[in-house]
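Right, one structure below, let's go through it.
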Amino acid sequence: MGTPAERPISLILIIEDDATISDLVAYNLSRAGYRVRKETNGRNGLEAALSDEVDLVLMDLMLPGLDGLAATREIRRQKPDLPVVMLTARDERGDVLEGFDTGADDYVTKPFDMELLLARIQARLRHPAPGARPPGRLEVGGLTLDHDAHALLAGPEHKAVPLKPKEFDLLALFFSNLGRLLEREEIVEAVWHHRYLPGSRTLDVHIRRLREKLQEAGRNVEIETVRGVGYRLTAETPTDPQPKPPTGS
């Protein structure tokens, strides 16, 4: 068994134009054992994220050259599996929703708790346990979740419904637990790998987006809300019409 020193050291890219914040985060990341690269504008940060072997990006929103939303959108297009954590002072509901719309995996507002930030970074970098990967395809109610293609396919024609990375992970959890009530805490720990915070809107935003995608798919698959507890995925199983009995001559 390999020792921790033999494992690859994760590289964290900080894209932040405030030197005080950037230096503070970089210092704490280095103390925690990570390699760190810093960029101070959006265009250089985007280039670094796409060209270097980066394991996670900490992205400010208000950046010179190219704003964090545009940079995140391009990272998600070219490197869909690269985790992006937005680190910003913009904490209005609309800003959070817009951040997740671009494909951010998490949204941390300033001022932030350094230990909590480190815990969230560690959760994003955690690899699944051997054998924990779901089967190649999961099928529910006329929908197919294809893990190899990382896509949701609808109907016999296999129409592709686009999903962001966390939407895909969330739907995979529901598909694997069809009909079972999943508590909010359980969902957050399984998909985001950190403890559920009652004031967080992350899960609610993703559930709303998933419902829109399922409606777009046009199948009888729904995410039900159990108020105060969590969510349950339900699906109507298509049934073939019963053949009519032969009539007597």
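The values are calculated or read from the model by the stated rules, or taken from the named source; none is laboratory data. Computed from a prediction, not measured in an experiment: that's the story for all the values here. Positions of Cβ are generated from backbone atoms using ideal geometry, with glycine treated the same way; all protein chains shown enter the neighbour counts.
Inside segment 153-198, can you point out the residues that are under 26 Å from VAL108 (Cβ atoms), of a type in the set (Val, Ile, Thr) and out of contact with any Phe, Trp or Tyr (no Cβ under 6 Å at 6 or more places or on another chain)?
Hits for segment 153-198 are ILE187, VAL191.
Does VAL221 meet the test of being exposed (fewer than 14 other Cβ atoms within 10 Å of the Cβ), out of contact with any Phe, Trp or Tyr (no Cβ under 6 Å at 6 or more places or on another chain) and aliphatic (A, V, I, L, M)?
Details: exposed (fewer than 14 other Cβ atoms within 10 Å of the Cβ): no; out of contact with any Phe, Trp or Tyr (no Cβ under 6 Å at 6 or more places or on another chain): yes; aliphatic (A, V, I, L, M): yes.
No.
Does LEU210 satisfy the criteria of being surrounded by 14 or more Cβ atoms within 10 Å (Cβ to Cβ) and either at pLDDT below 90 or assigned by TED's automatic domain parsing to the domain that holds GLU115 (or both)?
Against the criterion (surrounded by 14 or more Cβ atoms within 10 Å (Cβ to Cβ) and either at pLDDT below 90 or assigned by TED's automatic domain parsing to the domain that holds GLU115 (or both)), LEU210 does not qualify.
Please work out if THR40 is of a type in the set (Ser, Thr, Tyr) and modelled with pLDDT under 90.
Values: of a type in the set (Ser, Thr, Tyr): yes; modelled with pLDDT under 90: no.
No; evaluated as a whole, the condition is false for this residue.
Restrict the check to segment 192-202 and report whether at least one residue is under 16 Å from ILE223 (Cα atoms), surrounded by 12 or more Cβ atoms within 10 Å (Cβ to Cβ) and of a type outside the set (Ser, Thr, Tyr).
No, every residue in segment 192-202 fails to be under 16 Å from ILE223 (Cα atoms), surrounded by 12 or more Cβ atoms within 10 Å (Cβ to Cβ) and of a type outside the set (Ser, Thr, Tyr).
Return only the number of the condition from (1) surrounded by fewer than 17 Cβ atoms within 10 Å (Cβ to Cβ); (2) at pLDDT below 90; (3) in the same structural domain as GLY155 (by TED's automatic domain parsing) that PRO241 does not satisfy.
PRO241 satisfies every listed condition except (3).
For segment 13-41, which residues satisfy the criterion of being aromatic (Phe, Trp, Tyr) and surrounded by fewer than 18 Cβ atoms within 10 Å (Cβ to Cβ)?
If the condition is that a residue be aromatic (Phe, Trp, Tyr) and surrounded by fewer than 18 Cβ atoms within 10 Å (Cβ to Cβ), then TYR27 is the only one that fits.
Output the residues belonging to segment 28-60 that are over 21 Å from ALA104 (Cβ atoms) and touching a strand residue (DSSP E or B) at 6+ places or on another chain (Cβ under 9 Å).
Scanning segment 28-60 gives SER30, ARG35.
So ALA160 clears everything in (1) of a type in the set (A, V, I, L, M, F, W, C); (2) at pLDDT below 80; (3) within 28 Å of ASN220 (Cβ to Cβ); (4) surrounded by fewer than 18 Cβ atoms within 10 Å (Cβ to Cβ) except one condition, right? Which one?
So ALA160 meets the others, but not (2).
Is there any pair with a first residue in segment 166-182 that is at negative phi and a second that is basic (Lys, Arg) whose Cβ atoms are under 7 Å apart and which are 6 or more apart or on different chains, and what are they?
GLU167/ARG209; GLU167/LYS213; ARG180/ARG232; LEU181/ARG232; LEU182/ARG232
Please determine, by comparing only the residues of segment 212-233 that are part of a helix (DSSP H, G or I) and within 18 Å of LEU138 (Cβ to Cβ), which one is nearest to the chain's Cα centre (by Cα).
It comes out as LYS213.
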